[in-house]
Each structure stands twice: as structure tokens, then as C-alpha cells.
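The values are calculated or read from the model by the stated rules, or taken from the named source; none is laboratory data. Here the structure is a predicted model, which means the values were calculated and not measured. Every residue, glycine among them, receives a Cβ derived from its backbone with ideal geometry; neighbour counts consider all protein chains shown. The protein model used for the area step is the full one, side chains on, heavy atoms only, and it has no ligands, DNA or RNA in it. Shrake-Rupley method; radii C 1.70, N 1.55, O 1.52, S 1.80 Å.
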Amino acid sequence: QEKKIFMVQGPYPTIRHLLRARGWVERKLPSVGRQLEQHHPLHYPWPPAEEEEEKEEEQCDEDPNGIHDLMSYLVRDRLPNFIWTNFLGATDHELLQQSHMVNHYARVDAFTTKEGLCLSLQNLPWIEQADPNTFPWCYRLGAMEEREAFIEDFCLTAACSLLKLALEETGDRPVRTEQVPNSAKGAGWHRNHVSHPKNSTAQPGSPLYPELVEEALQVCKQHLGVLRHQDINRSTPSPCRTCIDWDRFLQEYYRVAHEGAGLVLTRQQRKQCQNLLRHLAEQLSQFGMEGKLNVWILKPGAESQGRGIVCTTRLEEVLQLARSCTAPSVQVGRWVVQKYVEQLLTIFGTIFDIRQWFVVTDWKPLTVWFYQDCYLHFCSRPFSLCHLERARHLCNVSVQKWYKTSPDQDPRVPPDKIWSNKQFQEYLAQLGQADAWHQVLVPGMKAAILNALRSAQDQVGFRKGSFELYGADFLVGEDCQPWLLEINSCPTMSPSSAVTRRLCANVQRDTLCLVLDRKDNPTCPIGAFELIYKE
């Protein structure tokens, strides 16, 4: 009569405990993962979610007399009024009444898959006051136009990177770059390769001549002209459609950036490089994070837990990996490639990302709640752009649990590889950036989340009575600018440390306060949630 029947599917013992404490009765599953009869209102396929590989914690049911089992039996024929599941397919929405609550919306893959987020954020230019500087450039390799755009972007970034490398030393002296171990080098790309008489026989470490810099200057000048006049209908060809032999140029760029070859430029070229890079930085909003090694990250479009993700610096490797489809579950063509944020903030020389929760309680009007507590994941090996293995660059717990901490890891990195946002704020204060959290990071994360939601809003299956808790992952640039990586629709609630044990329990408790208590009492306490947007 009080409409307090609930159902939980997945590793959420905290939700079960909290609802029972509120006087709710659980309608238990006959068996987890077993599909029920089709006429039954609920069925349970295994979810392709972040929780997928996490085992449900053993629960102290505190039910020695079987009272919860008895109550569950008594409500076996009643529809649950509240469902918390890790997969929307577990619920037949046609049999749910409008007042029944479910913790998912339909068609959220428009922003909770890498491919969907990449596609949706292409709508950002049409959203008023949207800041495009929150998500690194990304392309879907399965779409021919986007694949061609990526190839062009890769070539242009290589040309800009070459100019940056050229400025590392002054005058006419050779510029040398760090030697990369052979194990970290990729195979060269020789498609339609045209030999260069000056450099075709040069060995790694030997200087390259000013003509290479001149070619990069030519490309970047033309690109700058296009950027400055992009609103004018012109017949100017793309810089990547010029007479430059890009196969040869990229091979020589690889030698400079990754194989230790020297680079020679004149003083006049140095001045041109400085001016040109300054003007490009004014035109390109993400120019500052690109770095000079042209690192890109290749991701399966609809996978989670870091599956199939590869970092690379070579165009041919990106295209070859996408064709070979290294992740068995990924359909050919369902890959995205994204510019890696090279200018990163590290903690004790180690890369980290931020897991930030938020809740959407309505899509019409869009209503978004930001959780004011979050946590950091660390990698198990020191950050290096010359070593691109997963242990150094993918912060996912599902990835890092397979690696032991590297001997050269700074001992100040926490053994469980987790920090709270409070610890991070203390670290920023030690760096003299005490205000960065509240003035740069938090506003940047809020803006990125809203950009993603607003760009995908028309694609989501809206239903009154539903809500959803999401987990967004961010990298942090040297300037403390947060960069959105992805958004998870089933963020893990299985604690991997003392920090996550506390925070995961808190966010589940506060989510229930937000979606249950606030319906009847708009002024009730909602813990660490903050309303950041309501249309």
C-alpha cells in the first residue's frame, strides 16, 4: 500500500541495505543472471557495463530467521516500485507504471559510449555558449569523411609538432630529441613511399636538413590562412592536399620525434616558427595540449574497462589496428581515435584521472546534479610519452589491477592507487595552486558534463520517473584544465580502497535521498549533490 517494493540486480549491496533500512521490501530475483519467462515483467541479461567483471560482495544478510525471504515471497506477484539495476534491458518499461522508478534511461549510448560521445559532441558548435575546449579532438574511423579528416589532422599536427621540436634549441645548431627504446618504436609506413635523395640513406641520429622545416612552415602557413578565413567561400586546397609527399614527410618526422634524429634550421626559420606557432595557438583552442610527439589513442567505440585501447604515434598503426580489429567483440569500423593530451599534470611523476559522479533526474527539462566529492585513479608506472604501454597511460582500475607497482614509481604514490579529491586539493595547495580546484577544475568538469548531455539530449529515450547516476572520467592538463575522456552509465560501486569504500557508499545514499525523499520534500538534505543545471 505504501508502494515500497524494490528490486536490485547487480553488485549493489549498499542500495539493498539502505532501502531495507527505509522500510522497503525487496522482491528478490529467483537467480541472478537467469532469464525468466517472457511473459514475466522482468528479465535479466548480463550487462555490458563497467560493473561486468566485478563480483558482488558477500553480503551479511542479517536475516537469520529468513524474514526478508518471506517478505520477498509475499510480494512475488507485485511489480516493484523502485528498480536499481546495472542494465536497462533488465526492465520491461511497457509494464511499468509512470510512478515506478528505474535507475536508467534508454538510448544513453549517445554519450556513454566512446563512439556515441564522439558523434554527439560534433553538435557542440550548434549549442549556445558551449565551450569546445573540454573534449580532445576525436574521429570515428568507420565513417569515411571522419577517417579522412583524422588523417589530415594527424599530418597537420605532425607539421606543427616539427616546428615545436625545431625551437628546442637556438640558432643553426641541431636539435636532438630523446632516443626511444627499440621496443617502443612502431614499424614504418611505406605506402606509396617516395625516396628522398638527401635523407633516404640517413641513419637515426644524423641531422635532417632545413628543407624539412621549410615544408612544415609551408603547411602551417597555409593552414593558418584557412583558419583565419574559414567563413569565406574559397577554393584554397587543404594543406594536406599540397604537393608535399606526406609519406616521406611523416617518415622523417618520426625520425626526429621518436628516433633521435637531429634537426637543422636557420635563424630566419626559427623566427618564422615562433611567429607561426603563436598565431596558430590563437586560432586553435586545443593547441596547448597537443605537445610535440603527436600521440593518439585508439579506442573500441562501445567497450568499457579499457578493453582494446592502444596509444600510438604513427598513422599507419592507427589505420592498421582499426582494420585488424584487435578486440574480438568490436565490430570492424567501430573504432574512434582521439588526440592524446600530452601536456598533462602528473602527481609524483604519475598520470591520474578523476572519477566524477553526476545524476540526471529529468531530460525534459534537463536537470543535472553534480556530486561534490570524487576520487582519483593512479597508474602503476611513471608517466612517459616515450613508453606507451597501458600501465603508464590507462588509469582504469580494471587495467591497473593486472600490473604490479613499478620499482621506479615514486613511493609517495598511494599503494592502492586511489586519492580523494580532498587529498588532491591539498596537493594543489602545496604546488601553490590552492584555488585551482574550485576556480578551474570543478567549473571545467561541470561545463564538459553539460556539453555532453546537451549535445546528446535529442537522442536519449526520455521517461518520467527514471533517473540515472553516471561516472565521468577526466584527465587534467598542466594548466589544470580538465579534459573529458568518457562517461559511464554503470559506474562501479565495488570499493577497491578505503577512499572508494566511503565515497561509493555516500554517493549511493545521497542518490536515494535525491530521487526518493526530494519528491515529497524539495528542501530535504541531499548530501553532497548540487543542482548545476535545469532548463
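Enumerate the lysines that residue 519 could reach by cross-link, defined here as Cα to Cα under 28 Å, with residues fewer than 8 away along the same chain left out. Counting by Cα, and skipping residues close in sequence, residue 519 has these lysines nearby: 3, 4, 28, 364, 446, 464, 534. Taking the centroid of alpha carbons for each part, the stretch 268-286 and the stretch 367-446 are 32 Å apart.
With Cα atoms as the point set, the radius of gyration and Dmax of the stretch 344-395 evaluate to 15.9, 47 Å. Ordering 208-219, 401-412 by mean Cβ neighbour count within 10 Å, with the highest value first, yields 208-219, 401-412. Could you tell me what fraction of 2.2 N^0.38 Å the Cα radius of gyration of the stretch 455-533 comes to, as a two-decimal ratio? The stretch 455-533 yields a ratio of 1.31.
Report the calculated FRET efficiency for residue 164 and residue 435 (r = Cβ-Cβ distance, R0 = 41 Å), to the nearest 0.05. E between residue 164 and residue 435, to the nearest 0.05, is 0.90. Rolling a 1.4 Å probe over the protein heavy atoms gives the stretch 437-535 an accessible area of 38 Å² per residue.
Scalar couplings 3J(HN,Hα) for the stretch 344-353, obtained by applying the Karplus form with A = 6.51, B = -1.76, C = 1.60 to θ = phi - 60°, are 9, 7, 10, 10, 6, x, 10, 6, 8, 10 Hz; x denotes Gly and Pro. For the stretch 316-415, the Kirkwood hydrodynamic radius comes to 16.4 Å, computed from all pairs of different C-alpha atoms.
Rounded to the nearest 20 debye, the dipole magnitude of the stretch 380-499 is 380 debye, with +1 charges on Lys and Arg beta carbons, -1 on Asp and Glu beta carbons, and the Cα centre as origin. Just the protein heavy atoms count here, and of the accessible area of the stretch 360-414 at 1.4 Å, carbon and sulfur take up 55 percent. With the gyration tensor restricted to C-alpha atoms of the stretch 341-470, the semi-axes of the equivalent ellipsoid amount to 32, 18, 13 Å, longest first.
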